[in-house]
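Read-outs throughout are calculated quantities, based only on the coordinates presented, and are distinct from any laboratory measurement. Fair warning: this is a prediction, and the values are worked out from it, not measured in the lab. Virtual Cβ from ideal backbone geometry, glycine too; neighbours counted across all protein chains shown.
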Amino acid sequence: MDRNPTHENAHYEIEVSGVRQEFEKKEGSFLALDTVNLNVEPNEFICVVGPSGCGKTTLLNIIAGLLKPTEGTVRVKGEPVTGPGKGKGVVFQQYALYPWLTVKKNVEFGLRMKGMPKAKREEIARRYIDLVGLTPFADAYPKELSGGMKQRVAIARAYATAPEVLLMDEPFGALDAQTRAQLQENLLATWQQERKTCFFITHDVEEAVLLATKVIIMSAGPGRITKIVPIDLPYPRTQETKLTPEFNNLKNLIWNQVYREYLEHAK
Ligand SMILES: Nc1ncnc2c1ncn2[C@@H]1O[C@H](COP(=O)(O)OP(=O)(O)O)[C@@H](O)[C@H]1O
Ligand SMILES: [Mg+2]
C-alpha cells in the first residue's frame with residue numbers, strides 16, 4: 001500500500017516509504033534495511049552516519065535507482081524512482097572519471113549524452129569547473145590530477161547535469177585531512193550557491209555536523225534510522241565553525257549515539 005500519496009507530500013524532494021532490503025547470502029536471507037521512512041525537504045543537506053555495514057550505501061543505491069528495494073517505494077520530486085539517471089546526480093568514493101577524457105570533457109559527458117549542443121554544454125562545463133576551482137586544469141587528463149582534484153571533477157560533473165538531488169557516498173573518505181577540509185568548504189559554498197538537495201554519506205561525525213542541515217543516524221542489525229538530529233548552526237560554515245561550543249555539543253551528541261549503537265550491536 002502506498003502510505004505516501006503524492007498529493008499530500010508533493011513538496012518533498014526525496015520520499016523514502018517503507019523501504020526494506022533483503023539480500024540472499026550463503027547463510028540465507030539477510031535483512032540489510034528494515035522499514036526505512038524518510039522525507040527530505042528541498043534544499044536540505046542530509047548527512048547519513050552510522051557504523052560500517054548498517055546499510056548506508058544500500059539506502060543511497062536505492063534512492064539512486066541502482067537497486068530495487070525488496071519492499072517500499074522511493075520518490076524524487078514526487079516521481080517514483082524506477083532506475084538511475086533522471087534528476088539524480090551521484091558521486092562515489094572512488095572518482096569514477098573517464099581516463100581518456102579531459103576534465104572539461106568529463107564534466108560535459110552527461111550533457112553530450114543528452115544531445116545538448118556543443119556551445120551550451122561547454123558554457124555549463126566552464127561554469128562548474130570554475131565553481132570547484134579547476135579552471136586552470138580544464139584541459140588536463142585525470143592522471144595528471146591529485147585525488148582531491150579528481151573528486152572535484154566528479155562533483156562538477158554531477159552538478160553540471162542539473163540534478164534535482166545530489167547523492168554522495170563517502171566522497172571524501174579516501175582523501176587526506178587537509179584536502180578533505182578544502183573540499184568540504186568548496187562543497188558547502190557550491191551548495192549555498194546552487195541550493196540543490198544533498199544526500200551525503202559519511203562515517204565522519206565531524207564532517208556530518210559541519211555540512212548538514214540534518215544528520216540521520218543509522219544503526220546496524222538490521223539497518224534502520226534511529227535518530228534525526230537537526231543541525232541549527234548558521235551558514236556559511238567554515239573550518240572555524242568546528243571550534244565553537246555549539247559544534248562540539250552536536251558532535252558529541254551524535255558521536256555518543258553512534259557509539260552506543262555500535263556497542264549494542266557488538267554485544
Ligand atoms: N549485493 C549485496 N549482496 C549481499 N549482501 C549485501 C549486498 N550489498 C550489501 N550487502 C550487505 O548489506 C549490509 C549493508 O551494506 P552497506 O549498505 O554497504 O553498508 P554501509 O554502506 O553502511 O557500510 C552489509 O552487511 C553488506 O554485507
Ligand atoms: Mg558504504
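Quick look at the values:
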| quantity | calculated |
| --- | --- |
| Stokes-Einstein D for region 137-176, Kirkwood Rh over Cα pairs, 20 °C, 1.002 mPa s (µm²/s) | 191 µm²/s |
| If the convex hull is drawn through the Cα atoms of region 57-192, its volume per residue in Å³ | 117 Å³ |
| Backbone HN-Hα couplings from phi across region 111-127 [Karplus 6.51/-1.76/1.60, Hz, Gly and Pro as x] | 6, 5, 4, 7, x, 6, x, 4, 4, 5, 6, 5, 5, 5, 4, 4, 4 |
| Whole-number D in µm²/s for region 11-98 (Stokes-Einstein; Kirkwood sum over Cα pairs; 20 °C, 1.002 mPa s) | 154 µm²/s |
| Set of aspartates and glutamates with alpha-carbon distance to K68 below 18 Å, sequence-local pairs under 8 removed | D2, E15, E22, E24, D34, E79, D169 |
| Per principal axis, descending, Cα span of region 228-267 in whole Å | 40, 19, 13 |
| Karplus-derived 3J(HN,Hα), 6.51/-1.76/1.60, for each residue of region 153-165, Hz, glycine and proline x | 5, 4, 5, 4, 5, 5, 5, 4, 7, 6, x, 5, 10 |
| Relative pair counts by distance (%), Cα atoms of region 76-115, 5 Å bins | 5, 18, 21, 24, 18, 8, 4, 1 |
| Residue with peak Gaussian network fluctuation, the chain [Cα springs, cutoff 10 Å], from S29, S146, S219 | S29 |
| Rg to Rh, two decimals, where region 200-267 supplies the alpha carbon set and Rh follows Kirkwood | 0.99 |
| Principal axis dimensions, region 112-183 - Cα atoms, whole angstrom, descending | 39, 28, 18 |
| Hydrodynamic radius by Kirkwood, which averages 1/r over all alpha carbon pairs of the chain, in angstrom | 19.3 Å |
| Derived scalar couplings ³J(HN,Hα) [region 171-185; Karplus, 6.51 cos²θ - 1.76 cosθ + 1.60; whole Hz; x for Gly, Pro] | x, 10, x, 9, 9, 6, 4, 5, 4, 4, 4, 4, 5, 4, 5 |
| Hits among lysines - C-alpha to C-alpha of K227 under 18 Å, sequence gap 8 or more where chains match | K56, K214, K251 |
| Point-to-point label distance, A119-Q94, nm (Cα→Cβ direction, 7 Å offset) | 4.0 nm |
| MRE, 222 nm, helices only [DSSP H, n ≥ 4, -39500 (n - 2.57), over the chain, to nearest 500] | -11500 deg cm²/dmol |
| Rg/Rh (Cα only; Kirkwood hydrodynamic radius) as it applies to region 183-233 | 1.01 |
| Within region 32-116, trypsin sites (Lys or Arg not before Pro) in DSSP loop having at most 16 other beta-carbon neighbours inside 10 Å | K86, K114 |
| Alpha-carbon Rg/Rh ratio, for region 115-263, with Rh computed the Kirkwood way | 1.01 |
| Rounded to 5, percent antiparallel among DSSP beta bridges of the chain | 55 percent |
